1. Could you identify the single residue in GLY544, GLY450 that is on the phi > 0 side of the Ramachandran plot and either of a type in the set (A, V, I, L, M) or open to solvent by less than 10 Å² (accessible area, probe 1.4 Å) (or both)?
2. Answer yes if at least one residue in region 667-685 is assigned to a helix (DSSP H, G or I) and open to solvent by less than 50 Å² (accessible area, probe 1.4 Å), and no otherwise.
3. Out of the residues in region 367-413 meeting the condition of being of a type in the set (A, V, I, L, M) and not in a strand (DSSP E or B), tell me which one is surrounded by the most Cβ atoms within 10 Å (Cβ to Cβ).
4. I need the full set of residues from region 547-573 which are buried (at least 20 other Cβ atoms within 10 Å of the Cβ) and part of a loop (DSSP other than H, G, I, E, B), in order please.
5. Against the condition touching a Leu at 6+ places or on another chain (Cβ under 6 Å), open to solvent by 30 Å² or more (accessible area, probe 1.4 Å), farther than 26 Å from ASP383 by Cβ and touching a residue at least 24 places away in the same chain (Cβ under 8 Å), how does GLN484 come out, does it pass?
6. Looking for something open to solvent by less than 40 Å² (accessible area, probe 1.4 Å) and modelled with pLDDT under 95 - is there at least one such residue anywhere in region 311-320?
7. Among the residues of region 464-477 satisfying the criterion of being assigned to a loop (DSSP other than H, G, I, E, B) and in contact (Cβ under 8 Å) with a residue 40 or more places away in the chain, which is nearest to SER600 (Cα to Cα)?
8. Suppose we filter region 397-417 for residues that are modelled with pLDDT of 95 or more and acidic (Asp, Glu); how many remain?
Amino acid sequence: MRNKRETDISQYTDLSNEVTNEKKDGGVKRFFKALGKFLLTICSVCFVALFIAGISLSIYIFTLASEPTGIDLKAKSLNQTSFIMVQDEKTGEFKQYQTLYSTENRIWVGNQDIPKAMKDAVVAIEDKRFPDHHGVDWTRTLSAVVNLATGSDSYGGSTITQQLIKNITDDNEVSITRKLREICKALKLEQEYTKDQILEAYLNVVNFGNSCQGVEAAAQLYFDKSIKDCSIAECAAIAGITQNPSLWNPLVFPENNKERREIVLHEMYDQGKITKDEFDEAMDESSNMTFVGWQADKEEEEDDDGYVQNWYIDQVFRDLQQDLATYYNISEEAAASKLYTEGLKIYCAMDEKMQDYLENAALNIDKSGDSDLQIASTMMGFDGRVIATVGSSTPKEGALSWDRAYNSTLQPGSSIKPLLVYPIAINEKQLYYSSMVLDEPLEKYEFKDGVWVPGPKNAYPNGYNGEMSLPDAIEWSSNATAVQVMELIGGPSVAYEQAVTRMGFSHLSEQDAQNTGALSIGGMNGGVTIREMAAAYTYLGNGGLYYKPYTYYYVTDSEGNIIIDNRDTIPQQAYTAETAGIMNRLLHYNIENSVHTAASYARVSGWDIVGKTGTTDDDKDSWFCGVSPYAVMATWCGFDTPRSLTYTSKNVAASFFSKVMGEYLKDREQKEYMLPETLVEAQYNPYTGLIVSTDNVNGRYVGYYTEDNMPAFGGSYDYNDNDFSDTGDGSYSEDSNYTPDYTVDPSVNPDDNSDVESSGDNNEASGDISNPDENSGDISDAPPDSSAELE
């Protein structure tokens, strides 16, 4: 008999195995359960991602489908001249000023005059399912998308409708986005026009080699006959060119064209578009086909009546070309074609009288010091309207000439100072009107040869004044104070952000966001245009606003529908109205008390003028940017190949402003700037910047402040004449002969910047035009200057 306390080992072992097996089974279950959860999570995430992507794609496609096609086949077929209208000064009504028309080799021919063989040839070789689809051949399109996704060199898939869109919009981007955009436009186009209208437009728009746009031009060049008189073989020869106009060019590669046109004839026969007899006859003709080509006695004489469109019309064309390209999402070349052929009416913003005066004044500037001196200038209203503009001091020789006011990217020198560092500091209440600012170099201004070099240098011979009031710093055109204030506002990145996001500067480089001297004293790596400077200065007279410049009010299509309208443009608030008012008065001080720059040359008798001069490296450029109560004007003088200006030439920009602005103002009613009522006028002490009185303020040292940003009261003065002088007892009296205790050698030209350093070397920024006859938009291949020596 077994003892009850004995243990049955075999039973124990079996139980242990069962427990182990249960644990194993449980572990496996947990693993698969966790794996299932993981896979479910992944699937859920993928589903949500695909759902979101699907919604985004749907929205994107809907957006594309909602875009205007930018295509008016009716206007295209009429090949209508466009008109530029200007406002009559006396009646206020718009009158026709100029026409725009194309000189390209295109002769539009109606559907009824295009032979059936020409239509059949193109359809057979380019899009055999053209009569049946609705703008898109989905089978070919899917194949093209696969080719694109796999990186194939041949995408294909475009129908005649899609090819028409590509030719009219000049959209040659190779991407799925472009394909989607093209598909949406093709579907929309086929809803708006019949197959006959689409095919007619295609045959009149497509390139058939040797600058022949359309079948009529091609027939006349290659066969010296109208397309309506061309045979089946001749139509096939023309139809075969369009796939690759260079390869199948019959004048250059006649054997290639023979091979191609016979492929076209076989396709026409195989698709039942011609009979066996017609095919055989056409093949016989093809084997002996000859081409005519250019004939000197039939070249059209140029229509040259001596008229050359003015600088303003050039800018209208360029502006509208860009705006149409953006509006219709087409290339600028396609936009130019619309301008020439679609019967648009452009309601131009030009002041005809001032444009004539400005151009004549530019042709007659003082060139006694420099016979090849160039000038460019733009006058603008406070709402961004370009009133008048000129791009050269020499007679204009043709349309769309190189425009130094529009195309040239230049360095502005000290004329940049009132646009960024000083107004930013006032806007942020880091400075007020009469703040005392340091006129001392920065210890770490420029990194040269592995060490920090102090700077910048000033133009005046005594180097630095230590400390001076803000009005005097601007009048002296101190570089050191501008750079000190750049440090105060947080560095060049702050000024760069203001310049590109709120003031319309589009030619600055990323280096300008890092270089202390770039946007404080104008020694840029990038640059500015004269038109950009004029637009930026408008804030001084309109309450701190920035308007994008415009040269036309609005544009209508051939049926009178407004397509682009600039009349209700919403401005950006560049600075507060108070900051704009304070800067306006600081630049008034600069003009009225000008001693150290050429600003006094800009005065217009009887008018309150505000503004700032600017010169660059070795006096290679001279600027004056100024404001009157009615308009703004920016003017540059220099050379196409940079060199130093003579003393006489350095004053031309300011004198030119005075002359032209004086003409603009001479018959206008006197008015004052609309300064904010919130500004407080106060007499200040020029030695300390502190306020001495807010009652009966007048004289030279009147400051403008906001209640939350003004200095304390300090001392008293006895009013006598115009200016302050030290009485020796801590108070000040006015003395008309007073000048703050800064010295200057009168024998030294106050605008000479030969001792002022920045960094770099830039021909473009100095106006270097390596080939001014080319209209490419580039001045030279040289990098923009960042080493200008500035006023």
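1. On the way: GLY450 fails: either of a type in the set (A, V, I, L, M) or open to solvent by less than 10 Å² (accessible area, probe 1.4 Å) (or both).
Only one candidate passes the filter, namely GLY544.
2. At the first step, the residues of region 667-685 found to be assigned to a helix (DSSP H, G or I) are none.
There is no residue in region 667-685 that is assigned to a helix (DSSP H, G or I) and open to solvent by less than 50 Å² (accessible area, probe 1.4 Å).
3. Start the filter on region 367-413 by keeping residues that are of a type in the set (A, V, I, L, M), which leaves 373, 375-376, 379-380, 386-388, 390, 399-400, 405, 410.
Subset that is not in a strand (DSSP E or B): 373, 399-400, 405.
Values: LEU373: 20, ALA399: 14, LEU400: 15, ALA405: 28.
Per the criteria, the residue is ALA405.
4. If the condition is that a residue be buried (at least 20 other Cβ atoms within 10 Å of the Cβ) and part of a loop (DSSP other than H, G, I, E, B), then TYR547, PRO549, THR551, ASN566 are the ones that fit.
5. Details: touching a Leu at 6+ places or on another chain (Cβ under 6 Å): yes; open to solvent by 30 Å² or more (accessible area, probe 1.4 Å): yes; farther than 26 Å from ASP383 by Cβ: yes; touching a residue at least 24 places away in the same chain (Cβ under 8 Å): yes.
Yes; evaluated as a whole, the condition is true for this residue.
6. Step one: list which residues in region 311-320 are open to solvent by less than 40 Å² (accessible area, probe 1.4 Å), which gives 311-320.
Okay, now just the ones that are also modelled with pLDDT under 95, so none.
Checked region 311-320: no residue is open to solvent by less than 40 Å² (accessible area, probe 1.4 Å) and modelled with pLDDT under 95.
7. Step one: of region 464-477, the residues assigned to a loop (DSSP other than H, G, I, E, B) are 464-465, 477.
Narrowing further to those that are in contact (Cβ under 8 Å) with a residue 40 or more places away in the chain: 465, 477.
Numbers: ASN465: 22, SER477: 13 Å.
Selected residue: SER477.
8. 1
The values are calculated or read from the model by the stated rules, or taken from the named source; none is laboratory data. Since the structure is predicted, the reported quantities are computational estimates derived from the model, not experimental observations. With ideal geometry, Cβ positions are generated from the backbone for all residues, glycine too; neighbour counts draw on all protein chains shown. Quick note on the areas: whole protein, heavy atoms, side chains included, nothing else; ligands and nucleic acids left out. Shrake-Rupley method; radii C 1.70, N 1.55, O 1.52, S 1.80 Å.
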